[in-house]
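The values are calculated or read from the model by the stated rules, or taken from the named source; none is laboratory data. Here the structure is a predicted model, which means the values were calculated and not measured. Heads up, the Cβs are rebuilt from the backbone with ideal geometry, glycines too, and the neighbour counts pull from every protein chain shown.
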Amino acid sequence: MLNAINIISNIHAVTSDRVFGFRMGGDEYAMVAVNVTQKETDEIYNGWKRSLEELNTQGNVYCVMACGLKYCEGEFDVEELFKQADELMYLDKKARKGKGETSHLRSES
């Protein structure tokens, strides 16, 4: 449960009137930004990473989240966009696991 609270806090830190966070189910969440540029998308992503880094300096839970970022302009198929983002997220997750990056409870010293 602590991981979910940390994740929700982290997502909430970058939401706005154009950036929305959703729980998809289990431990999967989605963020959707509307009417933003590629540069703004990168800024949102970097803000999210900074928020997670800050969050990980607090408490006894260390969170690692894989991300699949997909940007598009003009008309698009929502299902296809989510599918592509999901595929990218799984690639990121695999890469993180390969580096030994996992969420965990910190040991008490």
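In region 8-21, the residue that is modelled with the lowest pLDDT out of those that are surrounded by 17 or more Cβ atoms within 10 Å (Cβ to Cβ) and not in a helix (DSSP H, G or I) is Val14. Across region 48-67, the qualifying residues are those that are surrounded by 14 or more Cβ atoms within 10 Å (Cβ to Cβ) and over 10 Å from Asn10 (Cβ atoms), and the one among them that is modelled with the lowest pLDDT is Val61. Taken together, the criteria place Glu101 among residues that are surrounded by 11 or more Cβ atoms within 10 Å (Cβ to Cβ), over 14 Å from the mean Cα position of the chain (by Cα), without any contact (Cβ under 8 Å) to a residue 60 or more places away in the chain and within 16 Å of Asn10 (Cβ to Cβ).
Pick from Ile5, Ile44: which is part of a helix (DSSP H, G or I), of a type outside the set (Ser, Thr, Tyr) and modelled with pLDDT under 90? Step by step, each of Ile5, Ile44 is checked, and only Ile5 is part of a helix (DSSP H, G or I), of a type outside the set (Ser, Thr, Tyr) and modelled with pLDDT under 90. Criterion applied to Val36, Val19, Val78 was being over 25 Å from Ser103 (Cβ atoms) and touching a strand residue (DSSP E or B) at 6+ places or on another chain (Cβ under 8 Å), and the one residue passing it is Val36. Exactly one residue among Lys39, Lys93, Lys70 is free of Cβ contacts under 8 Å to residues at least 60 places away in the same chain, part of a helix (DSSP H, G or I) and surrounded by 12 or more Cβ atoms within 10 Å (Cβ to Cβ), and that residue is Lys93.
Quick check, is Met31 more than 19 Å from Leu105 (Cα to Cα) and surrounded by 15 or more Cβ atoms within 10 Å (Cβ to Cβ)? In short, yes.
Scanning region 1-27 for residues being touching a residue at least 40 places away in the same chain (Cβ under 8 Å) and among the acidic types (Asp, Glu) gives a total of 0.
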